[in-house]
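Participant: Attaching a single structure in structure tokens format; questions to follow.
The values are calculated or read from the model by the stated rules, or taken from the named source; none is laboratory data. Keep in mind that what you see is a predicted model, and the values were worked out from it rather than measured. Note: ideal-geometry Cβ built from the backbone for every residue, glycine included; neighbour counts use all protein chains shown.
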2 protein chains.
Amino acid sequence: MRADDMVMCPGGQAALSSALRALAAPGDTLLVESPTYLGALAAARAAGLRVVPVPADADGVLPDQLAAAFARTGARLFYCQPLYANPTGATLTAHRRAEVADAIRDAGAFLIEDDYARDLAIDGEAPPPLAADDPDGHVIYLRSLTKSAAPGLRVAAIGARGPAGARLRSGRLLDDFFVAGPLQQATLEFVTAPAWTRHRRALRTALRARREALLTALHRHLPGLAPPAIPRGGLHLWARLPDSTDDGALAAAAAAEGVIVFPGRPWYAAEPPAPHLRLTYAAAPPHLMDEAVRRLTRALGQETTRS
Amino acid sequence: MRADDMVMCPGGQAALSSALRALAAPGDTLLVESPTYLGALAAARAAGLRVVPVPADADGVLPDQLAAAFARTGARLFYCQPLYANPTGATLTAHRRAEVADAIRDAGAFLIEDDYARDLAIDGEAPPPLAADDPDGHVIYLRSLTKSAAPGLRVAAIGARGPAGARLRSGRLLDDFFVAGPLQQATLEFVTAPAWTRHRRALRTALRARREALLTALHRHLPGLAPPAIPRGGLHLWARLPDSTDDGALAAAAAAEGVIVFPGRPWYAAEPPAPHLRLTYAAAPPHLMDEAVRRLTRALGQETTRS
């Protein structure tokens, strides 16, 4: 991927919506991990795409299931967050990366690699993007700064080569011409300043402290909700709820207690296999986590009593 | 239209693309003035819409033709620039405004009013937007600052009420969430500063000088290209070319002479009735206009000789 292959966009959601529109037509099938980013599901539905979920686990999407889904559906497009996926935190493991790339190449398909969490490593170093090893231009690479820099810095980039890149570039002109110059300039200064490296180090330390505080609080108050595999980066934990819990009602009850969590259902393209909650450790300082989980426990108690 | 009815967008093109996607589905029919803004034609085609042109003249779209087109096509959406339309410079006259509003209401349709030129009046005051007199919420109002402020200030707003407004707001979330906060803040400071009023006065003076210089040069060197009706604002003159002129080849020949003009063909949804050029007086200072038209004369001479 060279600098010339990148197109600037006003944020990751814009990059995603533009990419889906440029690479698929209404009625086309999009494969996604299950669960996956709900903003991708919504953008795909808005673009008129048929969304087909592919099973995934703590090591990312299952390559044989992906190959089977390509064969079964005739899909030519797969959307994936291989690094610290939102909501599960899963990272595609080294041995699966090549198999996923093979499945995509064999299907003559494109991968939209949504690398939203590139700057959000906590444990060790993040593996390189799949786009870094893509000799034939099968990967459309989305890279956002919003999560690691500032919510108001609506700047992202799409990397795409060949005919896919050309389609994306003309589509972007119709979507909004270009990102405001001053905003691009501010972004460039931001990521080339020495402070950017320091900021990412500080971010890692802060994310680790918050993740650990949430895990500690879960083990203390709600051990059943602590995920068996700890995400090595990102912003969220994905908590399996007791069967028959109404995740939407629980999220509402938690909100009434002053704790914002996200119900699991909207992150599934089809019927969820079980109720889940997305718990965002990134949004609050460590010293609030114990109280937050106490309140979540109260909300869960109310919901369990009610059902 | 209240403040609550407005949605911020990253520029007028984004506002337009979002509005078309939110208000029409692939296969739907969109009525447009003929000719009209080519960015609207391109966005409509990208959204999978069938574009049907409605005749217009120097007083804007013809209301009876608009009503007939609604009846004939079953369209529910009309895109229009009632003020200093791009490319023709036409302004919808007072007596046609009510008839256009009637035609839209009678068809149960929506008007996308692209008010891109609100700050670009040269002669007298611009009439109010049609959205200012829209009791039933039939008007979706697009307002951009890019043309009057700075090309890099990619900020616009959509005004929309009722169910159309709700559809637009949820569509915008999928398109790019929201416009970068610092950019919105800068915009707000810009348009609320005393300098904004001064800037618009200076803009009017500068636009008038450039328009007059271009008209003077046309009357001197190419009187056949001077439009019979002078636009009372905006950025462009729309010049009818001699029959059988190839407008695309002429624009290329002019570019080779160092003069950038736009061929007329892409501004028509269907076959153009005659060849045209769009001449942008706004983009160069008055003292360059005479030389620009001399060079355009040379290019036209070459094209006429060749054909």
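Participant: Residues in the range B:177-196: is at least one within 14 Å of chain A (Cβ to nearest Cβ), part of a strand (DSSP E or B) and either in contact with a Phe, Trp or Tyr (Cβ under 8 Å, 6 or more places away or on another chain) or without any contact (Cβ under 8 Å) to a residue 60 or more places away in the chain (or both)?
Facilitator: Checking the range B:177-196: not a single residue is within 14 Å of chain A (Cβ to nearest Cβ), part of a strand (DSSP E or B) and either in contact with a Phe, Trp or Tyr (Cβ under 8 Å, 6 or more places away or on another chain) or without any contact (Cβ under 8 Å) to a residue 60 or more places away in the chain (or both).
Participant: Now for a separate question. Does residue B:125 count as more than 20 Å from residue B:15 (Cα to Cα) and either surrounded by fewer than 24 Cβ atoms within 10 Å (Cβ to Cβ) or in the same structural domain as residue B:36 (by TED's automatic domain parsing) (or both)? Don't jump to the end; show me each part of the working.
Facilitator: Values: more than 20 Å from residue B:15 (Cα to Cα): yes; either surrounded by fewer than 24 Cβ atoms within 10 Å (Cβ to Cβ) or in the same structural domain as residue B:36 (by TED's automatic domain parsing) (or both): yes.
When the stated conditions are applied, residue B:125 passes them.
Participant: Go through the range B:1-55 and give me each residue that's touching a Ser or Thr at 6+ places or on another chain (Cβ under 7 Å), at pLDDT 95 or above and not aliphatic (A, V, I, L, M).
Facilitator: Residues satisfying the conditions are B:29, B:35, B:50, B:53, B:55.
Participant: Among the residues in the range B:161-175, are any at negative phi and at pLDDT 95 or above? Show your work before the answer.
Facilitator: Going residue by residue through the range B:161-175, those that are at negative phi are B:161, B:163-175.
This time we only want the ones that are at pLDDT 95 or above, so: none.
Scanning the range B:161-175, I find no residue that is at negative phi and at pLDDT 95 or above, so the answer is no.
Participant: Right, another one. Taking the condition within 22 Å of residue B:98 (Cα to Cα) and over 19 Å from the mean Cα position of the chain (by Cα), does residue B:69 pass?
Facilitator: On the way: within 22 Å of residue B:98 (Cα to Cα): yes; over 19 Å from the mean Cα position of the chain (by Cα): yes.
The answer is yes for residue B:69.
Participant: From B:103, B:25, grab the single residue that is on the phi < 0 side of the Ramachandran plot, buried (at least 22 other Cβ atoms within 10 Å of the Cβ) and either more than 14 Å from chain A (Cβ to nearest Cβ) or outside any helix (DSSP H, G or I) (or both). Spell out the reasoning first.
Facilitator: Working: B:25 fails: buried (at least 22 other Cβ atoms within 10 Å of the Cβ).
Selected residue: B:103, the only one of B:103, B:25 that is on the phi < 0 side of the Ramachandran plot, buried (at least 22 other Cβ atoms within 10 Å of the Cβ) and either more than 14 Å from chain A (Cβ to nearest Cβ) or outside any helix (DSSP H, G or I) (or both).
Participant: Given (1) small (Gly, Ala, Ser); (2) in contact with a Ser or Thr (Cβ under 7 Å, 6 or more places away or on another chain); (3) surrounded by 23 or more Cβ atoms within 10 Å (Cβ to Cβ), where does residue B:90 come up short, assuming only one miss?
Facilitator: (2)
Participant: Can you find a residue in the range A:216-230 that is in a loop (DSSP other than H, G, I, E, B), at pLDDT below 95 and farther than 28 Å from residue A:115 by Cα?
Facilitator: No, because not a single residue in the range A:216-230 is in a loop (DSSP other than H, G, I, E, B), at pLDDT below 95 and farther than 28 Å from residue A:115 by Cα.
Participant: Here's a follow-up. Give the residue that is surrounded by the most Cβ atoms within 10 Å (Cβ to Cβ), with candidates limited to residues of the range B:128-137 that are assigned to a loop (DSSP other than H, G, I, E, B) and at pLDDT below 95. Lay out the reasoning, then the answer.
Facilitator: Here is the first cut: in the range B:128-137, the ones assigned to a loop (DSSP other than H, G, I, E, B) are B:128-129, B:134-137.
When the remaining residues are screened for being at pLDDT below 95, the result is B:134-137.
Details: B:134: 20, B:135: 7, B:136: 11, B:137: 16.
If we take residues in the range B:128-137 being assigned to a loop (DSSP other than H, G, I, E, B) and at pLDDT below 95, then B:134 is surrounded by the most Cβ atoms within 10 Å (Cβ to Cβ).
Participant: Filter the range A:1-14 down to residues that are facing chain B (nearest Cβ under 9 Å) and assigned to a helix (DSSP H, G or I), then give me how many there are. Talk me through it step by step, then tell me what you get.
Facilitator: In the first step, residues of the range A:1-14 are kept if they are facing chain B (nearest Cβ under 9 Å); the result is A:9-14.
Next, from what is left, pick out any that are assigned to a helix (DSSP H, G or I): A:12-14.
Of the residues in the range A:1-14, 3 are facing chain B (nearest Cβ under 9 Å) and assigned to a helix (DSSP H, G or I).
Participant: What pairs come up if the first residue lies in the range B:147-171 and is surrounded by 15 or more Cβ atoms within 10 Å (Cβ to Cβ), the second is of a type in the set (Val, Ile, Thr) and assigned to a helix (DSSP H, G or I), and their beta carbons are under 9 Å apart, counting only those six or more places apart or on different chains?
Facilitator: Filtered contacts from the range B:147-171: B:149/B:187; B:149/B:191; B:153/B:187; B:155/B:187.
Participant: Here is a further query. Name the residue that is farthest from the other protein chains (Cβ to nearest Cβ), counting only residues in the range A:28-46 that are part of a loop (DSSP other than H, G, I, E, B) and crowded, with 24+ Cβ neighbours inside 10 Å.
Facilitator: First pass over the range A:28-46, keeping only residues part of a loop (DSSP other than H, G, I, E, B): A:28, A:35-37.
From the residues that got through so far, the ones that are crowded, with 24+ Cβ neighbours inside 10 Å too are A:35-36.
Values: A:35: 18, A:36: 15 Å.
Across the range A:28-46, the extreme among qualifying residues is A:35.
Participant: Something else now. Could you grab me the full set of residues in the range B:247-299 that are surrounded by 17 or more Cβ atoms within 10 Å (Cβ to Cβ), over 19 Å from the mean Cα position of the chain (by Cα) and aliphatic (A, V, I, L, M)?
Facilitator: Residues satisfying the conditions are B:250, B:251, B:253, B:254, B:259, B:289, B:292, B:293, B:296, B:299.
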